[in-house]
Amino acid sequence: MKKIKIWIECARLRTLPVSLSGVIIALGFAAWQDKFNWIPAVLCVLFALLAQIVSNMANEYYDYLKGTDKPGRDGPRRGVTEGDISPNTLRNVTFTLLVLDCLVGLGMLWYGEWWLIIVGLIIAIFALAYSAGPYPLSYHGLGEAAVFIFFGVVPVVFTHHVVSMTPLSFSPSNMLVLLASMAIGFMGVNVLLVNNYRDVDDDREAGKNTSVVIFGRKPAAAAYLINGYVAIALLTPLWLGCLFMDERLPLWALAAPALYLVLHTVTWYQLTTRQGKALNPLLGGTARNMLFFTIILTAALACAH
């Protein structure tokens, strides 16, 4: 039982809403457009979950090799750092899951074009490049950009493309999907900001130049607050449609932005008034806010269909 708990911690389940939210909201748009297909939908969910777990485990493994994580850290326990998991075992599991994720991705080719292979390879590379390679993104202030692209724009746009079998274009419906992908991207960035906000002192000491190390905690907290409001503002066409257009989303869809903004503002306030281990619950809280928003909006999209 203890071993299972250690591997669950290693997979960082509390962060999985970041990858799930993008896929779920894309499925909602596909259902809204009456273009939903179950099999590619399941493949996209599996691919996104495995990709994030691989990224989380790779992050733990390569941070361990670089000496970034230390025993007794303020953040959640790291199994390999504490000696609960051997580095070789973690590396082998990480690359095994990466291969499995690639196989799941190949299954999507039945529902999309050959160039999706290139997209899948890029995703696999960046899952590792976040913490590894000659220029690890998280060590050079580029972690937020990577999250925005690979947990926001990419999963939403390409999941919608595969599941709905709709060509990529600048049609009005696809532009709404793109705006949603950017909204999810900004929300996902906030999960990383909380993590880096908490670890700023340890990261600075280890030479890990996250954006919080570079700019400081106050700008990071301000960015956290702004990101949430920008995310909601990006979907203004949807919110206006609820109020002024026929055959659009039901009025109760406005519960999604309303609830999110309340929870987001409360979480931001907690971020600015807590320190050390007291910040740990805000990581899951930020992911929770994102998931609540996604579930409500997706339900509204499905009901509108």
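Rule-based calculations on the coordinates, nothing more; no lab input. Remember, it's a predicted structure, so these values are computed and weren't measured experimentally. Cβ placement follows ideal geometry from the backbone for every residue including glycine, while neighbour counts extend to all protein chains displayed.
Observations, loosely collected:
- Kyte-Doolittle mean at least 0.5, axial Cα span of 18 Å or more - DSSP H helices of the chain: 17-32, 38-66, 87-107, 116-129, 172-198, 217-234, 255-273, 280-304
- Sorting 182, 57, 108 by the number of Cβ atoms found within 10 Å of their own Cβ, with the fewest placed first, yields 182, 108, 57.
- Normalised by the number of residues in the chain, the mean separation of alpha-carbon contacts (under 8 Å, six or more apart) gives a relative contact order of 26 percent.
- The ellipsoid equivalent to the alpha-carbon distribution of segment 196-250 has semi-axes of 39, 9, 7 angstrom, derived from the gyration tensor eigenvalues as √(5λ) and listed largest first.
- Alpha carbon Rg of the chain, scaled by the compact-globule rule 2.2 N^0.38 Å: 0.99
- Exposure proxy for 135, 260: other Cβ atoms within 10 Å of each Cβ, ordered fewest to most, give 135, 260.
- Using a Förster distance of 25 Å, the FRET efficiency for residue 95-residue 304 (Cβ separation, nearest 0.05): 0.05
- Sorted by Cβ density within 10 Å, fewest first, the residues 7, 38: 38, 7
- Charge dipole magnitude, Cβ of K and R +1, D and E -1 - the chain, Cα centre, debye nearest 20: 680
- Most fluctuating residue given options 128, 193, 109, as computed from a GNM of the chain linking Cα atoms under 10 Å: 109
- Full extension of the chain between residue 110 and residue 66 gives 11.8 nm of extra length, using 0.36 nm per residue less the Cα-Cα distance.
- Full-extension gain in nm, residue 255 to residue 118, via 0.36 nm per residue minus C-alpha separation: 45.5 nm
- For the pair residue 165 and residue 145, the difference between a 0.36 nm per residue extended length and the Cα-Cα distance amounts to 4.4 nm.
- Most fluctuating residue given options 160, 264, 140, as computed from a GNM of the chain linking Cα atoms under 10 Å: 140
- Dipole-positive endmost among 281, 178, 52 within the chain (Cβ charges, Cα centre): 281
- Choice from 156, 104, 189 showing the highest fluctuation, given a GNM over the chain with Cα pairs closer than 10 Å: 104
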